[in-house]
Amino acid sequence: MKSMKKFLALALALALCFAMAIPAMATEGENVAAAKTQTLTLENPTPGHTYSVYQIFTGDVGEKDGKDALANIKYGVNFGGFDADALQSVGTAVDSSVTDAILGAGEGFANDLLRALRGDAYQTMGPAEDGSSLTVEVETGYYLIVDNGRENDPAPEGDKLSALMVQIIGDTSVKTKTTDTTMDKTVQTVNPDEFTDDAGHTIGEVFQFKLEAKIPVAQLSSFDKYMIRFKDTMSDGLTYAGNINVQVVNGSEIPADGYKFQYTDNTYNALEEEPESKAGVSFTVKIENLFDFIGEKDWPTVTDEETGLEYVKVVLTYDAYLNENAIVMGSGTDENGTGLNDNNANKNTGSLDFTRNPDDEGIGSTTPDESYVFTLKIDGTKYKDAISDDNLLAGAGFTLYTAEQDENSKWVKGKPILFKEVDGKGMFYDKVDDEAGKGTEITTGTEGKFVFNGLGPGNYILSETTVPEGGYNRSADILITVTAGEKDPATHTITCTVTKKYIGNEDVTDEDADKLNDNAPVAGDGAAIQVVNKTGTLLPSTGGIGTTIFYAVGAALVVGAGILLFVKKRMGSKG
């Protein structure tokens with residue numbers, strides 16, 4: 001059967017498994033204990049897949065050369081021998097000629113073994129859940145674990161995805177070596193060379209999404225034609241910006257006429273017309289036959305470091321950006337980070353369709369993979385004299401600037417940032433003002449609040465550009481640094497930090513600086529900042545002469561007037 005060819009790549013590994021195990025089989029009478037039930041644990045199963053466990057041989061636990069080994073090897077319930085015309089009975093002792101045949105079978109062993117299976121599986125595991133292992137109880141012996149594919153998308157009969165031979169002497173844990181086609185979705189961070197499952201960005205900032213398809217060589221070798229179709233869906237806060245690139249890793253770029261791009265609805269049905277807005281769109285990118293771009297042999301491949309398996313990898317990238325409908329992170333990050341979801345971040349979902357069976361047009365699909373793009377807000381509160389709910393201060397205007405370092409590595413204001421009003425949502429990032437040189441000023445109301453929405457990791461300077469009436473002094477500029485922090489791809493958890501400090505005023509006290517919540521995480525109020533305006537003498541700014549010179553001049557005048565008066569009196573008394 002043509003679909004069985006994909007097991008050729010497994011043959012040597014299976015043969016070696018027996019080659020290592022059979023010499024250790026104990027002979028009857030050498031400290032042999034009766035067979036008993038053991039726990040078989042399958043780690044790293046593919047989510048949604050089911051696995052059949054076939055009993056090939058049974059055996060008792062014995063000892064050979066001071067180590068546990070199987071003794072009294074007998075045929076299991078799922079293996080009747082390699083000769084279909086002379087099936088072996090369950091429980092019949094395995095003749096040495098069979099073990100000799102296994103050791104000498106080489107690459108033909110896997111096909112023969114699978115053809116020799118009979119009856120229903122001894123045990124079935126799954127469907128697997130993401131991040132969880134599977135367990136089953138089995139007797140001591142040899143077992144073949146076969147990946148059947150997804151429960152709702154099983155592999156066709158005789159077209160299993162992968163197989164793993166395991167010897168059970170005691171409780172045993174094994175890892176799957178996935179040989180199914182997979183797809184991984186990541187997003188570019190503010191570092192152009194870094195892609196992760198989740199990243200923070202400023203609204204309007206263009207970045208890339210990456211979809212990586214991995215097709216195992218063991219599977220691809222069974223096909224004369226192989227189709228892959230990338231599928232992608234954005235949430236409303238993300239806008240598709242084109243610039244598609246499709247590349248075979250270690251191979252060549254696939255030209256635009258080598259794939260078909262199609263806008264679709266969110267269930268991937270083709271749209272008759274191109275959508276006017278590219279926000280929240282879905283689309284597909286289909287390569288009809290991958291062999292047209294990788295050739296018939298000597299394929300460009302990559303090797304998985306953990307499993308040692310070889311794959312053909314195809315990478316799709318495209319541009320996108322957050323728009324004014326973007327969800328701004330409001331739950332923030334607590335001590336253990338915050339799990340991103342549809343309520344606090346902007347989701348992108350990708351998956352891959354691929355040719356399932358070389359004998360027909362059956363199509364398989366990978367489990368959808370999600371990534372999130374988050375954006376933050378600077379949320380400030382203005383007070384008079386001291387921090388108190390009774391001291392909320394209206395009429396203070398704040399402008400946000402990019403932060404730059406001068407030739408002395410001191411932070412200075414760069415270009416002002418423009419924000420625009422979004423109905424019912426507040427002020428959202430628009431762009432850096434390159435021409436007018438004047439950013440958007442946000443003025444505090446009776447509740448003393450000012451909020452700048454839609455900011456990604458980076459450095460900013462917050463400046464009080466309008467001082468409220470009442471004899472208040474302008475507060476010093478504040479440097480705000482947003483760091484994306486650590487990420488947990490398994491749970492989409494991120495831990496951001498926001499640090500703040502006064503700049504341009506060397507006489508700000510530690511007490512004043514504490515009011516900035518320095519080193520506070522991005523909490524429910526975003527990058528929370530508390531700013532106090534005080535009346536009275538203005539604190540001197542860095543590099544300025546402040547009020548000291550006026551005190552000195554005043555004192556000199558007083559002393560001078562006293563001396564003049566004393567001299568005049570002496571002159572009068574002499575006259």
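Read-outs throughout are calculated quantities, based only on the coordinates presented, and are distinct from any laboratory measurement. Every value quoted in this text rests on a predicted model; they were computed, and no experiment measured them.
Taking amide H positions as modeled 1.01 Å from N, with prolines and chain starts lacking one, the residues under 5 Å from LYS501 and 5 or more places away or on another chain are LEU479.
Residue by residue, region 463-468 carries 3J(HN,Hα) couplings of 10, 7, 9, 10, 8, x Hz when phi is fed to the Karplus relation 6.51 cos²θ - 1.76 cosθ + 1.60 (θ = phi - 60°); x denotes Gly or Pro. Here region 270-320 and region 386-413 have alpha carbon centers that stand 46 Å from each other. Using alpha carbons only, the radius of gyration of region 334-422 set against its Kirkwood radius gives Rg/Rh = 1.26.
When the pairs LYS210/LYS260; LYS377/LYS534; LYS415/LYS449; LYS225/LYS286; LYS413/LYS534; LYS36/LYS74 are compared against a 20 Å limit on Cα-Cα distance, LYS377/LYS534; LYS415/LYS449; LYS413/LYS534 fall above it. Amide H to amide H, with H built 1.01 Å from N, GLU441 comes under 5 Å of no residue 5 or more places away or on another chain. Taking amide H as placed 1.01 Å from N in the peptide plane, the amide H of VAL190 sits under 5 Å from that of GLY200, each at least 5 places away or on another chain.
Region 470-504 and region 203-252 have Cα centres spaced 35 Å apart. For the listed residue pairs LYS313/LYS425; LYS382/LYS420; LYS278/LYS501; LYS347/LYS425; LYS438/LYS501, the alpha carbons are over 31 angstrom apart in LYS313/LYS425; LYS278/LYS501. Rounded to the nearest whole Hz, the Karplus-based 3J(HN,Hα) values (6.51 cos²θ - 1.76 cosθ + 1.60, θ = phi - 60°) of region 389-403 follow the sequence 4, 7, 10, 4, 10, 8, x, 8, x, 10, 10, 9, 10, 5, 10, with x at glycine and proline.
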